[in-house]
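**Student:** First the structure, which I've put down as structure tokens, then a few questions once you've had a look.
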Amino acid sequence: MKLRRAPVIILALFILTCILAFFSVGFGSKYVSPAETIAILKGSDSSYTYIVENFRIPRVLIAILAGAGLAISGTILQSILQNPLASPDVIGITKGAGLAAILVIVFLPNSPTALLPISAFLGAALVAVALMIFTRNSGAKSSTLALVGIALGAMCQAATDYILIKFPVNANVMLLWLAGSLWGRGWDQFYGFLPWFIVLLPLIIGMIRKLDVLQFGDDISTSLGVKSNRTRYFLLGVAVALAGLCVATVGSIGFVGMVAPHIAKRLLGPKHQYSLPVAALCGAILLIIADSIGRGIAPPIEIPVGILTAIIGVPYFIYLLRMERKK
Amino acid sequence: MISASSQKRVKVFFIYVAGILVLIIGLIMSIVIGVTNISIGATITSLFVWTEERKEQLIIQTIRLPRTLVGALVGANLGVAGALMQAITRNPLASPQVFGINAGASLFVVASVVFLPSGSSFDVVYFAFVGAAFGGAIIYFCASKGGLTPVKLALAGMSIHFLLSSVTQGLILFDEDATDMLNWLAGSLNRSNWISVQQLWPWSVIGLVAASALSGAISILALGDDTAKGLGQRVQWVRLAASLIVIILAGSAVSVTGPIGFVGLMVPHLVRMIVGQDYKVIIPLSALFGAVLLTYADVLGRLIAFPFESPVGIVTAVLGAPFFLYLAHKARGMKR
């Protein structure tokens, strides 16, 4: 039943993403009306051309990629860990990535930009390894995983706080790494982001079937001929890489990676060939909306997007906890 | 029987003595150690003999001494608040940090500073109380229908903590001095002075005395609601009184130093490991060892990256997060 509507829903979400992205371009310290935006896109010269072309458009594109990336990462984590509470931020890997990124920024300010995503990935991977070690006995299934992740995240956060206090930076830069923000992201960051994203995406698409099988647990996947451990670690690596990449670009934005997969599953059920693209679109939509609100609500001050995703995401998280109890 | 209980009393007595000694050593270290190193002899003379010109004396009297006092008081507050929370919720992971009370208090404090910049620093504490109650009310709502395991309740609490601190970080943007605010948000004694002491001590005394007075009832409550009711206790009233005390203790602590995490989580556990389940002993000892922990954590924070003073909240987080892991591991056994 649900699956017959799948193409319609995916198409509808895609169109919604485009529309929201278009309107999002207008928000900011200088409001640009939709008519003006169209004029600028058509190539006519306006006093806002520079702002729109160099700041607003890349920023919206980054929001789309980061939202989609976090959502895909969250979907994979929830499936392979069979834990509806798992997501890159709840299990602490975004905090690890953020810490690694800020270490590079503060201590190696002249390093090539390619180092940033790599170090963020290493930070995320380190936390993921620690997580696996600490939850080995409980099989990563219970809420212990989330709790261990929170503790690991708290440690990374403490270290991040420490570095930010010891080496004071601009308030916006600081909040970028504390809460996650799209402040000052431009084409440079976009072109640093896109190639990695393009590399990772086919890997994930190739694994969609295996993801479907893995979410039923080890016994069933083994009997269906999937080498569950190897596949699981591979997918975990991909999810961690994707999350690390997003964090390297936009900071540790929370809750998108948890909420979007749930919305997707509610819309089209657990088959990944549908839930992955839907989750990606939902993540992109969430991030575009949150960033537009953040820019538009009190200009010229920008509310970091991570703060708004937390405000949207936490009530949902608590709702999930309450639902899980009923099972 | 008699010899066993008197043996225990002797043990508790020795723990008190040992704790007080350790605290005194910590307090002296806290006064002596810092960017300007001051000899112990100079410390003692400057505490008791007043001479105008000495620089050391000025440092001790205006900076070190109030800072040390605030550290000890805040540690005691948080230790007792954690002990009360763990008793009334019977959740080993309960503490002002984990259940969002610190985050609620800091949100309201930051909001009051941002929106009412002309307000007196003595009024800030009332905002902290309201915020602490607010954070507590949300977690109470989550727990109200029952059935959440301790681990899941802690998860809900931590996510409330994330939510409230996110909003707080957003508010900081409206304040010019963001770095200063961040220092406060990490939990820091750097700016404590005699005014902080004056802000804090009346509430500490009220909270600690009330907690001690309530400790007998808390011991009974910790046995379980049914048992406590069977023994004739008005369970809801005890819980309400304890909650108010937690709000006073945690709120006043946050209003002065910012949210310092994990003290309220660790201290009661350590105390219970040593002396068992009697809250008449646990509560005063939690105050004592809370003061010890925070005093030493602050000294450590001054030494880690000397001469830079690291916020004490970061030190307690680094110590506390592994402890939280350990508790989460243990709490799994209690899952229903």
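**Student:** Check the range B:133-145 and report whether any residue there is surrounded by fewer than 17 Cβ atoms within 10 Å (Cβ to Cβ), facing chain A (nearest Cβ under 9 Å) and on the phi > 0 side of the Ramachandran plot.
**Tutor:** No, the conditions are met nowhere in the range B:133-145.
**Student:** Do we have B:Ile195 as more than 13 Å from B:Pro259 (Cα to Cα), surrounded by 22 or more Cβ atoms within 10 Å (Cβ to Cβ) and more than 15 Å from the chain's Cα centre (by Cα) here?
**Tutor:** Here the answer is no, as B:Ile195 does not meet what is asked.
**Student:** How many residues does the range A:180-222 hold that are touching a Ser or Thr at 6+ places or on another chain (Cβ under 6 Å) and closer than 30 Å to A:Ser292 by Cα?
**Tutor:** Number satisfying all stated conditions: 4.
**Student:** If you don't mind, another one. With respect to A:Gln82, is the statement that it is away from every other protein chain (no Cβ under 14 Å) and over 18 Å from the mean Cα position of the chain (by Cα) true?
**Tutor:** yes
**Student:** Scan the range B:200-237 residue by residue and report those that are surrounded by 14 or more Cβ atoms within 10 Å (Cβ to Cβ) and among the aromatic types (Phe, Trp, Tyr).
**Tutor:** Across the range B:200-237, the qualifying residues are B:Trp201, B:Trp203.
**Student:** Okay, moving on. Which ones in the range B:146-168 are in a loop (DSSP other than H, G, I, E, B) and either buried (at least 22 other Cβ atoms within 10 Å of the Cβ) or of a type outside the set (S, T, N, Q) (or both)?
**Tutor:** B:Gly146, B:Gly147, B:Leu148
**Student:** Test B:Gly187 against the stated conditions and say whether it is outside any helix (DSSP H, G or I) and surrounded by 22 or more Cβ atoms within 10 Å (Cβ to Cβ).
**Tutor:** In short, yes.
**Student:** Just checking: which of the helices (runs of 4 or more DSSP H) contained wholly in the range B:233-310 hold 2 or more residues that are of a type in the set (D, E, K, R)?
**Tutor:** Where helices (runs of 4 or more DSSP H) fall fully within the range B:233-310 and carry at least 2 residues being of a type in the set (D, E, K, R), they are B:279-304.
**Student:** Pick from B:Gly320, B:Gly313: which is more than 7 Å from chain A (Cβ to nearest Cβ), under 14 Å from A:Ile150 (Cβ atoms) and crowded, with 24+ Cβ neighbours inside 10 Å?
**Tutor:** Just one listed residue meets the conditions, B:Gly320.
**Student:** I'm told A:Tyr319 meets every condition in (1) modelled with pLDDT under 85; (2) away from chain B (no Cβ under 14 Å); (3) not in a loop (DSSP other than H, G, I, E, B) except one. Can you identify the failing condition by its number?
**Tutor:** All conditions are met except number (2).
**Student:** So which of B:Phe174, B:Phe129 is in a loop (DSSP other than H, G, I, E, B) and either modelled with pLDDT of 90 or more or within 28 Å of A:Ser252 (Cα to Cα) (or both)?
**Tutor:** Checking each option against the conditions leaves just B:Phe174.
**Student:** Return only the number of the condition from (1) more than 14 Å from chain B (Cβ to nearest Cβ); (2) among the hydrophobic types (A, V, I, L, M, F, W, C); (3) within 23 Å of A:Ala290 (Cα to Cα) that A:Val173 does not satisfy.
**Tutor:** (1)
**Student:** Considering each of A:Ser79, A:Ser73, A:Ser44, A:Ser87 in turn, give the residue that is more than 15 Å from A:Ala243 (Cβ to Cβ) and either modelled with pLDDT under 80 or surrounded by 18 or more Cβ atoms within 10 Å (Cβ to Cβ) (or both).
**Tutor:** Exactly one residue qualifies, and that residue is A:Ser44.
**Student:** Moving on to the next point. Check A:Ile118, A:Ile93 and return the single one that is under 24 Å from B:Lys330 (Cα atoms) and either away from chain B (no Cβ under 14 Å) or crowded, with 21+ Cβ neighbours inside 10 Å (or both).
**Tutor:** Selected residue: A:Ile93, the only one of A:Ile118, A:Ile93 that is under 24 Å from B:Lys330 (Cα atoms) and either away from chain B (no Cβ under 14 Å) or crowded, with 21+ Cβ neighbours inside 10 Å (or both).
**Student:** Return only the number of the condition from (1) at pLDDT 85 or above; (2) surrounded by fewer than 16 Cβ atoms within 10 Å (Cβ to Cβ) that A:Glu53 does not satisfy.
**Tutor:** Tallying (1) at pLDDT 85 or above; (2) surrounded by fewer than 16 Cβ atoms within 10 Å (Cβ to Cβ), A:Glu53 fails exactly one: (1).
**Student:** How many residues are in a helix (DSSP H, G or I), among the basic types (Lys, Arg) and closer than 28 Å to A:Gly251 by Cβ if we restrict to the range A:29-60?
**Tutor:** Qualifying residue count for the region: 2.
**Student:** Can you tell me which residue among B:Val151, B:Val125, B:Val98 is within 10 Å of chain A (Cβ to nearest Cβ), in contact (Cβ under 8 Å) with a residue 40 or more places away in the chain and either under 19 Å from B:Val80 (Cβ atoms) or of a type outside the set (A, V, I, L, M) (or both)?
**Tutor:** B:Val98
**Student:** Now for a different question. So the check is Cβ under 9 Å with 6+ separation or different chains; which pairs have a first residue in the range B:216-240 that's under 15 Å from B:Arg90 (Cα atoms) and a second one that's loosely packed, with under 12 Cβ neighbours inside 10 Å and not hydrophobic (A, V, I, L, M, F, W, C)?
**Tutor:** What qualifies is B:Ser219/B:Gln277; B:Ala222/B:Gln277; B:Leu223/B:Gln277.
**Student:** Quick one: count up the residues across the range B:191-215 that are without any contact (Cβ under 8 Å) to a residue 40 or more places away in the chain and β-branched (Val, Ile, Thr).
**Tutor:** So the answer is 2.
**Student:** If you take the residues of the range B:1-41 that are assigned to a loop (DSSP other than H, G, I, E, B) and not aliphatic (A, V, I, L, M), which of them is farthest from the chain's Cα centre (by Cα)? Before you say what the answer is, go through the steps one by one.
**Tutor:** Of all residues in the range B:1-41, those assigned to a loop (DSSP other than H, G, I, E, B) come to B:1, B:33-39.
Filter once more, so that each one left must be not aliphatic (A, V, I, L, M): B:34, B:36-37, B:39.
On the way: B:Gly34: 23, B:Thr36: 28, B:Asn37: 28, B:Ser39: 30 Å.
Checked the range B:1-41; the qualifying residue farthest from the chain's Cα centre (by Cα) is B:Ser39.
**Student:** Show me the helices (runs of 4 or more DSSP H) found entirely inside the range B:54-124 where at least 1 residues are at pLDDT 90 or above and out of contact with any strand residue (DSSP E or B) (no Cβ under 7 Å at 6 or more places or on another chain).
**Tutor:** Working: elements: B:55-59, B:65-89, B:101-115.
Ranges flagged: B:65-89, B:101-115.
**Student:** Over 30 Å from B:Asn183 (Cβ atoms) and at pLDDT 80 or above - does that describe any residue in the range A:132-141?
**Tutor:** Yes, because at least one residue in the range A:132-141 is over 30 Å from B:Asn183 (Cβ atoms) and at pLDDT 80 or above.
**Student:** Can you work out which of the residues in the range A:274-311 that are part of a helix (DSSP H, G or I) and at the interface with chain B (Cβ under 10 Å from one of its Cβ atoms) is farthest from B:Ala154 (Cα to Cα)? Step through it out loud before you land on a result.
**Tutor:** Let us first name the residues in the range A:274-311 that are part of a helix (DSSP H, G or I), namely A:274-296, A:305-311.
Now drop any that are not at the interface with chain B (Cβ under 10 Å from one of its Cβ atoms), which leaves A:294, A:306-311.
Working: A:Gly294: 29, A:Gly306: 22, A:Ile307: 21, A:Leu308: 23, A:Thr309: 21, A:Ala310: 17, A:Ile311: 19 Å.
Here the answer is A:Gly294.
The values are calculated or read from the model by the stated rules, or taken from the named source; none is laboratory data. Keep in mind that what you see is a predicted model, and the values were worked out from it rather than measured. All Cβ positions, even for glycine, are placed from backbone atoms using ideal geometry, and neighbour counts span all protein chains on display.
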